[in-house]
Amino acid sequence: MSVEIIPIAQAVRSTDPQRKTAWRFNVASDDASGCEVIVPSPGVGFALHVERLWISITAAVTVTIGEGKDSGALLRTLIGSLGGAAGTFCPIDFGETPMRLNENNSLCMDASGAGKVSVIVEGWTEAESRSESPSSSISASASSSVSASPSASASA
């Protein structure tokens, strides 16, 4: 199992480089069946945001994209299975809503068998905000809707 990271130009589109860092990776593997890292984990307090993926599969294998790996398997599947036929090309563009990985997790790929798989991925790493967690914003909005009196909502 060998992974070849092919350097390509990185486009930094950040207006605040201390909070957001753009990146582009080009990774090729002859056998991704043992789970390969595409983008390494950014560290505690940071998360990867994926804008676009281009996946080229030259063998008759399926490929799954996920986050993190443990003992040669993905920790969580995000996309897939893709492919199945030799010569499959899968462009994925998340548009206005990039795919956000959990904090401090790597982007990985796993294949159903040996065969050449190439992935180009674009995105950014961003510092996670510590001021408000998702659970606190949910409880805050839930408490505001619970505190509204029935007569106030009926008159609105």
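I'd like to verify a number: residues in the stretch 63-74 that are in contact (Cβ under 8 Å) with a residue 12 or more places away in the chain, surrounded by fewer than 15 Cβ atoms within 10 Å (Cβ to Cβ) and either among the polar types (S, T, N, Q) or on the phi < 0 side of the Ramachandran plot (or both), how many?
So in the stretch 63-74, the residues in contact (Cβ under 8 Å) with a residue 12 or more places away in the chain come out as 63-69, 72-74.
Imposing the further condition that a residue be surrounded by fewer than 15 Cβ atoms within 10 Å (Cβ to Cβ) reduces the set to 72-73.
Checking the rest, the ones that are also either among the polar types (S, T, N, Q) or on the phi < 0 side of the Ramachandran plot (or both) come to 73.
Counting residues in the stretch 63-74 that are in contact (Cβ under 8 Å) with a residue 12 or more places away in the chain, surrounded by fewer than 15 Cβ atoms within 10 Å (Cβ to Cβ) and either among the polar types (S, T, N, Q) or on the phi < 0 side of the Ramachandran plot (or both) gives 1.
Any residue at all in the stretch 123-130 that is among the charged types (D, E, K, R), more than 19 Å from Val37 (Cβ to Cβ) and either touching a Leu at 6+ places or on another chain (Cβ under 6 Å) or modelled with pLDDT under 70 (or both)?
Scanning the stretch 123-130, I find at least one residue that is among the charged types (D, E, K, R), more than 19 Å from Val37 (Cβ to Cβ) and either touching a Leu at 6+ places or on another chain (Cβ under 6 Å) or modelled with pLDDT under 70 (or both), so the answer is yes.
Given the options Arg19, Arg13, Arg52, name the one that is more than 14 Å from Ser106 (Cβ to Cβ) and modelled with pLDDT of 95 or more. If you could, list the steps in order and put the result at the bottom.
Working: Arg19 fails: modelled with pLDDT of 95 or more; Arg13 fails: modelled with pLDDT of 95 or more.
It is Arg52.
Restricting to the stretch 59-74, name every residue that is over 14 Å from Val121 (Cβ atoms) and part of a strand (DSSP E or B). Walk me through how you get there before you give the answer.
Going residue by residue through the stretch 59-74, those that are over 14 Å from Val121 (Cβ atoms) are 59-62, 64, 68-74.
Hits for the stretch 59-74 are Thr62, Thr64, Gly68, Lys69, Asp70, Ala73, Leu74.
Identify all residues within the stretch 17-52 that are in a loop (DSSP other than H, G, I, E, B) and of a type in the set (Asp, Glu); write none if there are none.
Asp30 - this is the single residue of the stretch 17-52 that is in a loop (DSSP other than H, G, I, E, B) and of a type in the set (Asp, Glu).
Only one residue in Gly83, Gly43, Gly87, Gly95 is of a type in the set (Gly, Ala, Ser), modelled with pLDDT of 85 or more, out of contact with any Gly (no Cβ under 7 Å at 6 or more places or on another chain) and surrounded by 17 or more Cβ atoms within 10 Å (Cβ to Cβ). Which one?
Gly83
Does Glu103 qualify as being touching a Lys or Arg at 6+ places or on another chain (Cβ under 9 Å) and modelled with pLDDT of 85 or more?
Values: touching a Lys or Arg at 6+ places or on another chain (Cβ under 9 Å): no; modelled with pLDDT of 85 or more: yes.
No: the conditions fail for Glu103.
Can Thr77 be described as over 15 Å from Glu122 (Cα atoms), buried (at least 18 other Cβ atoms within 10 Å of the Cβ) and not charged (D, E, K, R)?
No; evaluated as a whole, the condition is false for this residue.
The values are calculated or read from the model by the stated rules, or taken from the named source; none is laboratory data. A quick note: this is a predicted structure, and the numbers were derived from the prediction, not measured. Don't worry about glycine lacking a Cβ; one is built from the backbone with ideal geometry, like all the others, and counts go over all protein chains shown.
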